[in-house]
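Q: Take a look at the following structure, please.
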Amino acid sequence: MKKLLECISEEVMNAFEAAGYKREAGRVSVSNRPDLCEYQCNGAMALAKEAHCAPIQIANAVVEKLQGNAVISKAEAVMPGFINMFISEEFLAKYVGEMSTADRFGMDLKAKQKIVIDYGGPNVAKALHVGHLRSAVIGESVKRILRFAGHEVIGDIHMGDWGLPMGLIMTELKERKPDLVYFDDSYTGEYPKEAPFTVAELEEIYPTASGKSKEDEDYKARAMEATFKLQSGVRGYRALWDKIIDVSVNDLKKNYEKLNVEFDLWNGESSVHDIIPAMVEDMKKGGHAYISEGALVVDVKEETDTKEVPPCMILKSDGASLYNTTDLATILDRNNKYHPDHIIYLTDKRQELYFVQVFRCARKTGLVPETTKLTHIGFGTMNGKDGKPFKTREGGVMRLEYLVRDINEEMLKKIRENKGIDSSEAEKTAEVVGLSAIKYGDLSNQASKDYIFDMDRFTSFEGNTGPYILYTIVRIKSILEKYKAQGGDMTAVKIGTKPQNETEKELMKALTGFNQMMESAVEELAPHKICAFIYDLANALNSFYHETKILTEENEAVKSQYIALIDLTKRVLETCIDLLGFSAPERM
Ligand code: ARG
């Protein structure tokens, strides 16, 4: 479906042409003086010089051609040559009516691309903390937005599961339980099914081991050796590692499920271990990789750089691979398996320079074709009210599950105030609404910006919040239920006649912005555009609701349009929150 602004522009362009001027001058924008008009065209001013006449003359001639227009109800030329316009209410209603029956509310599909999105990025055997929240929340939304636009999108969690942390855990385990069969090199039998630890133990073991390695050189050397043994395939170490992965992944799945985040691939850094040697060989053969101070590196600086971009390190001097190495090999692997048109990464923006290095290195060494787009979306930090990275009350790193728990508790308190809801429903509802508070609180900010996690504001039912959006949807659901209970037939309602009042018109206008908004959300990979749109739409709906007697309207045709209009609003809101990664309860 054509965007509303395109429909209007087309009329004005036709009018320019009919008046003897060039079409392109007829482009229309939303008015920057809504007190004067709804839309404006400034083309006459730009045209004046080459047409050798005053802009107002052109504007007058164009306005004349717009008389009786079906799309533009009123057009006016004002000094020095602006064309101010209002949209025809009949046309507006017809447009919204079409939207309401069109697929994706009239948004056209994009030329299909294959896209891999790398997000989440948890490290196994470590508890998820709030830093991982943003990657998961933004990544999930970007994935859904791209799918909605018609692309084929593969979401990959890319776990940190292969480096020194694994060796540290194994070293500490050996310290505590030296008799475990995994450490017996002569053992040839099957390994036990049960893991020799729980997830809680793992989460305690890692920081302990990491602490020890910082103080004890010998301990660190043993950890490095364990890492080496794992990576070179020593049977017992691999078997033990499998257990670490099993236990962690199980736990991660539960956590991500609670966040309504779903991955297609549960690959990790380890997945590409076997293709690293050949990749490194190719880089050497291609003349790109060379030894510098013992390490193998690829230069990635460019003449136009204003900041220093250090070489990309491929192998450490002891021959061990690094975070870079697995990322490069993962690009190679993704290209071999999926031939993606685009790979998108979601991490903290502190990894910006790192991704510049990795992307340049991948291009220079030909891991992906020229045409493959590589994008890093670097996000800002979630801060506490003190403006510093969000911490627990005791000042420690906040575990993601505690944050979720705290917000759900707060929501539960508010929901219990609604006497109509029984206690088990209240708990479920609190989880649904709590998730909207967290996700909307995050996604309503431009990703690259830091934001302040404000429990009171995020959980409020008023203002620019997730719960407010859900409250609006629930309000519509309740009106529709009553309509049906009165014998109303939802299949018969339709939109098509001009609005009865200003708030109905404003609601229609808000709805028409969907197409345009989605296009830029897709283009810019920007969920915050959806948030801004649904906030305006929810406001328009609520103004309409307060000004209009919907269910008691006596004129059946008018009432039918009201119902169809709020139903469309509900469907648009529900689609949008699904793109943001949360849903609405039945009541709240
Ligand atoms: N595990 C990493 C971390 O916690 C994030 C991984 C991001 N993805 C990637 N392909 N490097 O910082």
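The values are calculated or read from the model by the stated rules, or taken from the named source; none is laboratory data. Note that the structure is a prediction, hence the values are computed from the model and not measured. For neighbour counting, all protein chains shown are included, and Cβ atoms are generated from backbone atoms with ideal geometry for every residue, glycine included. Calculation scope for accessible area: heavy atoms of the full protein, side chains included, ligands and nucleic acids excluded. Shrake-Rupley method; radii C 1.70, N 1.55, O 1.52, S 1.80 Å.
Q: Does the stretch 1-63 come out rounded, prolate or oblate, given a ≥ b ≥ c as the square roots of the eigenvalues of its C-alpha gyration tensor, rounded meaning a/c under 1.5 and, failing that, prolate meaning a/b above b/c? Don't skip to the end; give the middle numbers.
A: On the way: a/c = 2.33, a/b = 1.38, b/c = 1.69.
The shape class here is oblate.
Q: Return a whole-number percent for the relative contact order of the chain, with Cα pairs under 8 Å and 6 or more residues apart as the contact set. Could you put the intermediate results ahead of the total?
A: Values: 922 pairs, mean separation 87.3, N = 588.
Rounded, it is 15 percent for the chain.
Q: Let me ask something else. In the stretch 163-236, which trypsin sites (Lys or Arg not before Pro) fall in coil by DSSP and have 11 or fewer other Cβ atoms within 10 Å? Please report the intermediate quantities before stating the final value.
A: Numbers: sites: K174, R176, K193, K212, K214, K220, R222, K229, R235; in loops: K193.
Answer in residue order: K193.
Q: Expected output is a single nm value to one decimal: the length gained when fully extending between K258 and S583, i.e. 0.36 nm times separation in residues minus the C-alpha distance. What is it? Write down the numbers at each step before the final one.
A: On the way: separation 325, 0.36 × 325 = 117.00 nm, distance 1.24 nm.
The K258-S583 span can extend by a further 115.8 nm.
Q: Would you please give the FRET efficiency between E90 and D218, computed as 1/(1 + (r/R0)^6) with r the Cβ-Cβ distance and R0 = 51 Å, to the nearest 0.05?
A: It comes to 0.05.
Q: Calculate, for T208 and D489, the FRET efficiency according to 1/(1 + (r/R0)^6) with r their C-beta to C-beta distance and R0 56 Å; round to the nearest 0.05.
A: Numbers: r = 66 Å, r/R0 = 1.18.
The computed FRET efficiency comes out at 0.25.
Q: Further, regarding this structure: Which aspartates and glutamates does K254 reach when only Cα atoms under 13 Å apart count, and residues fewer than 8 places away in its own chain are ignored?
A: Those aspartates and glutamates meeting the cut-off are D246, E262, E401.
Q: Give me the tail of P(r) for the chain as a percent: Cα-Cα pairs with distance above 33 Å.
A: Details: 97795 of 172578 pairs.
Summing the P(r) tail past 33 Å for the chain gives 57 percent.
Q: Okay, next question. If H528, H151, H546 are ordered by their accessible area, calculated over protein heavy atoms with a 1.4 Å probe, which sequence runs from highest to lowest?
A: Greatest to least solvent exposure: H546, H528, H151.
Q: Further question on the same structure: Give me the percent of DSSP beta bridges within the chain that run antiparallel, rounded to the nearest 5.
A: Working: 22 of 43 bridges.
If I count the DSSP bridges inside the chain, around 50 percent turn out antiparallel.
Q: Taking 0.36 nm per intervening residue step and subtracting the Cα-Cα distance, what contour gain separates L36 from I291 on full extension?
A: Details: separation 255, 0.36 × 255 = 91.80 nm, distance 6.82 nm.
That works out to 85.0 nm of additional length.
Q: Now for a different question. Can you list, largest first and rounded to whole Å, the semi-axes you get for the stretch 149-299 by taking the square root of 5 times each eigenvalue of its Cα gyration tensor? Please list the in-between numbers first.
A: Details: eigenvalues 155, 128, 51 Å².
Value: 28, 25, 16 Å, ordered largest first.
Q: Please work out whether the stretch 1-125 counts as rounded, prolate or oblate from its C-alpha gyration tensor, where a ≥ b ≥ c are the square roots of the eigenvalues and a/c under 1.5 means rounded, while otherwise a/b larger than b/c means prolate and anything else oblate?
A: Working: a/c = 2.63, a/b = 1.96, b/c = 1.34.
Since a/c reaches 1.5 and a/b is larger than b/c, the shape of the stretch 1-125 is classed as prolate.
Q: For T198 and N383, calculate 0.36 nm times their separation in residues minus their Cα-Cα distance, and state this gained length in nm to one decimal. It would help to have the intermediate numbers written out before the result.
A: On the way: separation 185, 0.36 × 185 = 66.60 nm, distance 3.12 nm.
Fully extending the segment from T198 to N383 adds 63.5 nm.
Q: What number, in nm² with one decimal, is the all-direction average of the projected area of the convex hull of the alpha-carbon atoms of the stretch 258-360?
A: Over all viewing directions, the stretch 258-360 projects a mean Cα-hull area of 8.7 nm².
Q: Filter the GluC sites (Glu not before Pro) in the stretch 258-338 down to the DSSP loop ones having no more than 10 other Cβ atoms within 10 Å, then list what survives.
A: Answer in residue order: E293, E302, E303, E308.
Q: State which entries of K284/K364; K498/K529; K220/K349 exceed 18 angstrom in Cα-Cα distance in the structure shown. Before the final figure, lay out each step's value.
A: Details: K284/K364 12 Å; K498/K529 28 Å; K220/K349 30 Å.
Table pairs above 18 Å Cα-Cα are K498/K529; K220/K349.
Q: Tell me which lysines have Cα within less than 24 Å of K494's Cα, excluding those fewer than 8 residues away on the same chain?
A: Within reach: K2, K3, K94, K477, K482, K484, K505, K509, K549, K559, K570.
Q: Now a separate question. Need one number: nm distance between label points at V309 and E10, each 7 Å from Cα along Cα→Cβ, rounded to one decimal.
A: 4.3
Q: Would you calculate the separation in nanometres between label points at S29 and V397, each defined as 7 Å from the Cα along the Cα-to-beta-carbon direction?
A: Those two pseudo-labels are separated by 4.6 nm.
Q: Under a 1.4 angstrom probe, counting protein chains only, how are K414, K477 ranked by accessible area, largest first? Walk me through the numbers before you get to the answer.
A: Working: K414 55, K477 25 Å².
Sorted descending by solvent-accessible area, the residues read K414, K477.
Q: In terms of the ratio Rg/(2.2 N^0.38 Å) built on C-alpha atoms, what value belongs to the stretch 420-541?
A: Values: Rg = 17.0 Å, N = 122, 2.2 N^0.38 = 13.7 Å.
Compared with the compact-globule rule of thumb, the stretch 420-541 sits at 1.24.
Q: Hey, another quick one. At 1.4 Å probe size, with no ligands or nucleic acids counted, give the accessible surface of M224 in Å², nearest ten.
A: It works out to around 90 Å².
Q: Among all the lysines, which ones have a C-alpha under 17 Å from K49's C-alpha, if same-chain residues fewer than 8 places away are not counted?
A: Those lysines meeting the cut-off are K22.
Q: With axes computed from alpha carbons, what is the tilt in degrees of helix 89-101 against the longest principal axis of the chain, rounded to the nearest 10 within 0 to 90?
A: The two axes meet at around 40 degrees.
Q: Checking the a/c ratio against 1.5 first, then a/b against b/c, what shape does the Cα gyration tensor give for the stretch 425-469?
A: On the way: a/c = 2.38, a/b = 1.99, b/c = 1.19.
Prolate, since a/c reaches 1.5 and a/b exceeds b/c.
Q: Using R₀ = 41 Å, calculate the FRET efficiency as 1/(1 + (r/R₀)^6) where r is the Cβ-Cβ separation of K316 and E519; round to 0.05.
A: Values: r = 46 Å, r/R0 = 1.11.
E between K316 and E519, to the nearest 0.05, is 0.35.
Q: Heavy atoms of the protein only, probe of 1.4 Å, neighbouring chains included. What is the accessible area of D282 in Å², nearest 10?
A: Rounded to the nearest 10, that gives 100 Å².
Q: Just the number: Rg to Rh for the stretch 40-195, Cα atoms, Kirkwood Rh, two decimals. Provide the component values of the computation, followed by the final result.
A: On the way: Rg = 32.4 Å, Rh = 23.0 Å.
Ratio of gyration radius to Kirkwood radius for the stretch 40-195: 1.41.
Q: Between helix 352-364 and the chain, what is the angle of the helix's C-alpha long axis to the longest principal axis, kept within 0 to 90° and rounded to the nearest 10?
A: 80
Q: OK, next. If you fit an axis through the alpha-carbon atoms of helix 235-258 and take the longest principal axis of the Cα set of the chain, what angle between them do you get, 0 to 90°, nearest 10?
A: Taking Cα atoms only, the helix is inclined about 20 degrees.
Q: Now a separate question. Ordering W266, W241, W162 by how much accessible area each has at a 1.4 Å probe, largest first, what is the list? If you can, show how the numbers build up before the last one.
A: Values: W266 70, W241 30, W162 10 Å².
Ranking W266, W241, W162 by accessible area, largest first, yields W266, W241, W162.
Q: Still on this model: What figure in square angstrom, to the nearest 10, would you give for the accessible area of F514 with a 1.4 Å probe?
A: That residue has around 0 Å² of solvent-accessible surface.
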